[in-house]
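Everything below concerns the one structure shown next.
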Amino acid sequence: MNNKKQKRFYMRLILLVLMVGVIVFTIYSNLSKEKSGVLQVGDVAPDFALVDMNGEKHQLSDYKGQGVFLNFWGTWCKPCEREFPIMDKQYQEVKDQGLQILAVNIGESDFVVKKFMNRLGITFPVLIDNNKSVMETYNINPLPTTFLISPEGKIEKIITGEMSEENIKKYMEQILPK
């Protein structure tokens, strides 16, 4: 009888140790994944390459030395629709001073995006993230989200939500090359 109780005790102890090990591993994995996955001000902006509506490839690292106003958006997003004409107006004023806008659409069709851009008369490069890999790399949620990237390639500011004309102008000036 004692032998059965002893075996049961050891079996329960082994199961308990295994369960604790699995729980500790799961917690550690989730915490370390979140820390490495969330971009913060001061981080180097992850490089990516996407094609614009004209078929031209844009790679973020090609803009080193320029400020990049990296905007993630969707055609269905009303704040995005209100921001775009303002962004384009400000872009016209500073594009010759070393600033680039890269507007990354999240997985919509070329036809829908082109129609949207034509309706608004947008002139800056519009890229489509078809497989949402750039969106995942930059951990985008919600839209619109804008990253201000310095000429050195570092994230200066992360803005979620709609921006006013005054803020857009201020943000663009903030990342102009000195």
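Cβ-Cβ contacts under 6 Å between residues 6 or more apart (or on different chains), taken from a first residue in region 64-83 that is assigned by TED's automatic domain parsing to the domain that holds Glu108 and within 19 Å of Glu166 (Cβ to Cβ) to a second residue that is surrounded by 17 or more Cβ atoms within 10 Å (Cβ to Cβ) and β-branched (Val, Ile, Thr), are listed as Gly67/Ile175; Phe69/Ile101; Asn71/Thr146. Taking (1) out of contact with any Pro (no Cβ under 8 Å at 6 or more places or on another chain); (2) under 11 Å from Asn71 (Cα atoms); (3) of a type outside the set (A, V, I, L, M) in turn, Thr160 satisfies each apart from (1). Here Lys154 clears all of (1) of a type in the set (D, E, K, R); (2) over 17 Å from Tyr171 (Cβ atoms); (3) modelled with pLDDT of 95 or more except the condition numbered (2). When the criteria are applied in full, Ile128 fails the requirement of being within 16 Å of Val44 (Cα to Cα) and out of contact with any Lys or Arg (no Cβ under 7 Å at 6 or more places or on another chain). Taken over region 72-118, residues that are at pLDDT 95 or above, within 13 Å of Met172 (Cβ to Cβ) and of a type in the set (Val, Ile, Thr) amount to 2. Would you confirm whether or not region 151-160 contains a residue that is surrounded by fewer than 18 Cβ atoms within 10 Å (Cβ to Cβ), out of contact with any strand residue (DSSP E or B) (no Cβ under 9 Å at 6 or more places or on another chain) and among the hydroxyl-bearing types (Ser, Thr, Tyr)? Within region 151-160, not a single residue is surrounded by fewer than 18 Cβ atoms within 10 Å (Cβ to Cβ), out of contact with any strand residue (DSSP E or B) (no Cβ under 9 Å at 6 or more places or on another chain) and among the hydroxyl-bearing types (Ser, Thr, Tyr). Is it fair to say Lys169 is surrounded by fewer than 18 Cβ atoms within 10 Å (Cβ to Cβ), basic (Lys, Arg), touching a helix residue (DSSP H, G or I) at 6+ places or on another chain (Cβ under 9 Å) and touching a residue at least 24 places away in the same chain (Cβ under 8 Å)? Answer is yes for this residue. For region 1-41, a residue qualifies if it is among the polar types (S, T, N, Q) and modelled with pLDDT under 85, and the qualifying residues are Asn2, Asn3, Thr26, Ser29, Asn30, Ser32, Ser36.
The values are calculated or read from the model by the stated rules, or taken from the named source; none is laboratory data. For clarity, every value in this text was computed on a predicted model and none was experimentally measured. In this analysis, Cβ positions are derived from the backbone assuming ideal geometry, glycine residues included, and neighbour counts consider all displayed protein chains.
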